[in-house]
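Enquirer: Can you read through this structure? Questions will come right after.
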Amino acid sequence: MIRRVASLAVAFGLGPAAPALAQSGGIQTGDPKTWLVYVGAAAAGIALFLLFIILFGRAPGREAALRGRLVTYGAHREGSGGFFSRFRFLRRAAASAEGVARERGVFQMIETTLEQANLPLRPGEAIIGSIGVAIVAGLIVMAVAQQPLLGVVAFVVVLGLAAMTVNVVAARERKKFEAQLPDTLNLISTSLRAGYSLLQAVEAVGAEAPEPTSREFLRAISEIRLGSPVSDALGGIAERMESTDFEWAVLAINIQREVGGNLAEVLQTTAETMLARNRLRREMKALTAEGRISAIVLGALPFFLFGLIWVLNPDYIAPLLTTPMGLGMLGGAFVMIVLGIVWLQKIVTVEI
């Protein structure tokens, strides 16, 4: 029975190669690649099932749709919302992951990073999804290489890459917001000089500014319309984007609302100061470009050489992967490489 299922999976997945496999008597269960076929067939079946649920699943009712619109701006039940909420076991797994994250004190950090990266996922969903992808990658590598240790390494690497990808996307969004901040303050200042109120100026930014500034200001406008004070909504933007410059601008707005003054002039001066700081940052980035490129090359060179030797002459590098001494040397080398990369990163990073 297993042989028939595997043959059907290969027939549907390989197309023209299926007759040749059928003539050769099917797939041999003793072949190491058979487990890869089984994993691929199972993954394809799960993907088709999820696609069927997404396309033909029952649409949410009117009340559920309204709750989904308001869930971003108000309190909601833990573990609700998102694609995972359609399946009970995924919802429970996501809720359990969120509970563990809260106990470890990393829930708020994960939630903030996902918001900065503009990923529509709850922290529990992101954790379960990353672990699931890492498990599948580890099983595939273990099935192909027939070495459990490589499967564990693949699991750790994929899990680290998932976290790194989210952090990189979030950092890119933060940098874009910081680069657009002087123009944002200039737009608010110009709107105030033209006779707009502060709320109208914020709405103008949400309508005319590019992403991610427009997205954040539109969210602030929605919060204000739902009853949140203007200062709290703008402070939420500074907190989500981790922008110290915009936090100072919000502080200036709050002081002006309490004691009075020319807010347009204050924001104009703040924008000019930010432009000068951004110009200085770009100059320092150009001066440290050589050091940053050297850090990238030195950090990637050991991994590149290891992969190249593994492909060209696997017998030469086999003792490093099969003997205790070789594994210890690999572990020590990896730790030293990571320390060297962190050290080089600290050297070429200039705080302004």
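Enquirer: Looking only at region 204-221, filter to residues that are in contact with a Ser or Thr (Cβ under 9 Å, 6 or more places away or on another chain) and charged (D, E, K, R); which one of those is nearest to residue 182 (Cα to Cα)? So that I can check it myself, show each step before the final result.
Expert: First, pick out the residues of region 204-221 that are in contact with a Ser or Thr (Cβ under 9 Å, 6 or more places away or on another chain): 204-209, 213, 217, 219-220.
Subsequent filtering for residues that are charged (D, E, K, R) retains 208, 219.
Details: 208: 14, 219: 20 Å.
Checked region 204-221; the qualifying residue nearest to residue 182 (Cα to Cα) is 208.
Enquirer: Of the residues 177, 155, only one is closer than 30 Å to residue 274 by Cα and aromatic (Phe, Trp, Tyr); which?
Expert: On the way: 155 fails: closer than 30 Å to residue 274 by Cα.
Matching residue, one of 177, 155: 177.
Enquirer: Of everything in region 189-247 that's within 21 Å of residue 119 (Cα to Cα) and among the charged types (D, E, K, R), which residue is surrounded by the fewest Cβ atoms within 10 Å (Cβ to Cβ)?
Expert: This residue is 211.
Enquirer: Moving on. Consider residue 214 against the criteria (1) more than 23 Å from residue 169 (Cβ to Cβ); (2) among the polar types (S, T, N, Q); (3) assigned to a helix (DSSP H, G or I): it satisfies all of them except one. Which criterion is unmet?
Expert: Result: residue 214 fails condition (1) only.
Enquirer: Looking only at region 137-146, count how many residues are within 30 Å of residue 111 (Cβ to Cβ) and surrounded by fewer than 17 Cβ atoms within 10 Å (Cβ to Cβ). Before the answer, list the steps.
Expert: Taking region 137-146 and keeping what is within 30 Å of residue 111 (Cβ to Cβ), we get 137-139.
Of the ones still in play, those that are also surrounded by fewer than 17 Cβ atoms within 10 Å (Cβ to Cβ) are none.
Number of matching residues: 0.
Enquirer: Hey, another quick one. Taking region 340-352 as the region of interest, how many residues are without any contact (Cβ under 8 Å) to a residue 40 or more places away in the chain and more than 24 Å from the chain's Cα centre (by Cα)?
Expert: The number of residues fulfilling the criteria is 2.
Enquirer: While we're here: Quick check on region 222-245. Is at least one of its residues under 25 Å from residue 169 (Cα atoms) and outside any helix (DSSP H, G or I)?
Expert: Within region 222-245 (the criterion being under 25 Å from residue 169 (Cα atoms) and outside any helix (DSSP H, G or I)), the answer is yes, since at least one residue qualifies.
Enquirer: Still on this structure, I have one more. Kindly list the number of the only condition in (1) in a helix (DSSP H, G or I); (2) modelled with pLDDT under 85; (3) out of contact with any helix residue (DSSP H, G or I) (no Cβ under 6 Å at 6 or more places or on another chain) that fails for residue 344.
Expert: Among (1) in a helix (DSSP H, G or I); (2) modelled with pLDDT under 85; (3) out of contact with any helix residue (DSSP H, G or I) (no Cβ under 6 Å at 6 or more places or on another chain), the lone unmet condition for residue 344 is (3).
Enquirer: Could you grab me the full set of residues in region 118-168 that are modelled with pLDDT of 85 or more and of a type in the set (S, T, N, Q)?
Expert: Result: 130, 165, 167.
Enquirer: Is there a residue being buried (at least 16 other Cβ atoms within 10 Å of the Cβ), farther than 30 Å from residue 330 by Cα and basic (Lys, Arg) anywhere in region 102-111?
Expert: Applying the first criterion (buried (at least 16 other Cβ atoms within 10 Å of the Cβ)) to region 102-111 yields 107, 110-111.
Of the ones still in play, those that are also farther than 30 Å from residue 330 by Cα are 107, 110-111.
Narrowing further to those that are basic (Lys, Arg): none.
No, that holds for no residue.
Enquirer: Say whether the condition of being in contact with a helix residue (DSSP H, G or I) (Cβ under 8 Å, 6 or more places away or on another chain), surrounded by 11 or more Cβ atoms within 10 Å (Cβ to Cβ) and more than 30 Å from residue 177 (Cβ to Cβ) is met by at least one residue in region 290-300.
Expert: Here is the first cut: in region 290-300, the residues in contact with a helix residue (DSSP H, G or I) (Cβ under 8 Å, 6 or more places away or on another chain) are 291-292, 294-295, 298-299.
Narrowing further to those that are surrounded by 11 or more Cβ atoms within 10 Å (Cβ to Cβ): 291-292, 294-295, 298-299.
Filter once more, so that each one left must be more than 30 Å from residue 177 (Cβ to Cβ): 298.
For region 290-300, residues in contact with a helix residue (DSSP H, G or I) (Cβ under 8 Å, 6 or more places away or on another chain), surrounded by 11 or more Cβ atoms within 10 Å (Cβ to Cβ) and more than 30 Å from residue 177 (Cβ to Cβ): present.
The values are calculated or read from the model by the stated rules, or taken from the named source; none is laboratory data. Owing to the predicted nature of the structure, the values given are computational and were not obtained by experimental measurement. FYI the Cβ positions are ideal-geometry reconstructions off the backbone, even for glycines, and counts take in every protein chain you see.
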